[in-house]
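Working notes for the structure below.
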Amino acid sequence: MTKRTKIGCVIAFVIVALFTLSIYGWLKGTYNKMVELDETVKKSWSQVENVYQRRMDLIPNLVNTVKGYAAHEQETFTMVTEARAKAGGMVNITGDVLTDPALFQKYQQAQSGLASALQRLMVIQERYPDLKANQGFRDLQSQLEGTENRISVERRRFNETAQVYNIYIKKFPTNLLANIFNFKEKLYFSSVEGADVVPEVKF
């Protein structure tokens, strides 16, 4: 083997080594970034679940307070209780809610149904001046309003983190690696049809 051939072999080896290292570096960096973004989405989702749980925890006290003044509003109490049970049942569902459109829609509808039932419960106060004046009820109402605001904020934050993640895994050539390692697109919260309509309560 001539000196020139040896030099050519060394150069070829160095080029292959550099190429291999650069590919490895890209694979490692891209994979780790997808993991990081995926964990950020999961963390944001857990915050959404936390504020939904906070709302669910307020409901028993709220219902009991209203019952003390409006015991015969049984239909509304039943509606709230059933909606709470339905929303609570979504915690134990199997499957990835964030990537399964059917599960995600079911989850969102359950939470929307609970919000609608709570709106009906809160409208009842207009019929009962003593309930409106009750400090305990006003405190619970204030906590519920604060929780609804938190829900809105956390849902928006979740959508933002999901968007960053989705854009990243869809870009070429990252999408090739995302497919290999099964990084799936996350779904977004959107307004459920009829969620913006205040429920009508006939007195």
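Quick note: the coordinates plus some simple rules give every number you see, no bench work behind them. Computed from a prediction, not measured in an experiment: that's the story for all the values here. Please note: Cβ atoms are built from the backbone with ideal geometry, for glycine as well, and neighbour counts cover all protein chains shown.
Please verify whether region 115-128 includes one or more residues that are surrounded by 19 or more Cβ atoms within 10 Å (Cβ to Cβ) and of a type in the set (Phe, Trp, Tyr). Within region 115-128, none of the residues are surrounded by 19 or more Cβ atoms within 10 Å (Cβ to Cβ) and of a type in the set (Phe, Trp, Tyr).
Please specify each residue of region 59-74 satisfying the condition of being among the aliphatic types (A, V, I, L, M) and surrounded by 14 or more Cβ atoms within 10 Å (Cβ to Cβ).
Scanning region 59-74 gives 59, 62, 63, 66, 70.
With respect to the conditions (1) of a type in the set (Val, Ile, Thr); (2) out of contact with any helix residue (DSSP H, G or I) (no Cβ under 6 Å at 6 or more places or on another chain); (3) under 26 Å from residue 136 (Cβ atoms), residue 65 lacks only one, and its number is (2). Of the residues making up region 138-192, those that are more than 12 Å from the chain's Cα centre (by Cα), in a helix (DSSP H, G or I), more than 30 Å from residue 28 (Cβ to Cβ) and of a type outside the set (D, E, K, R) are 140, 141, 142, 143, 144, 146, 147, 149.
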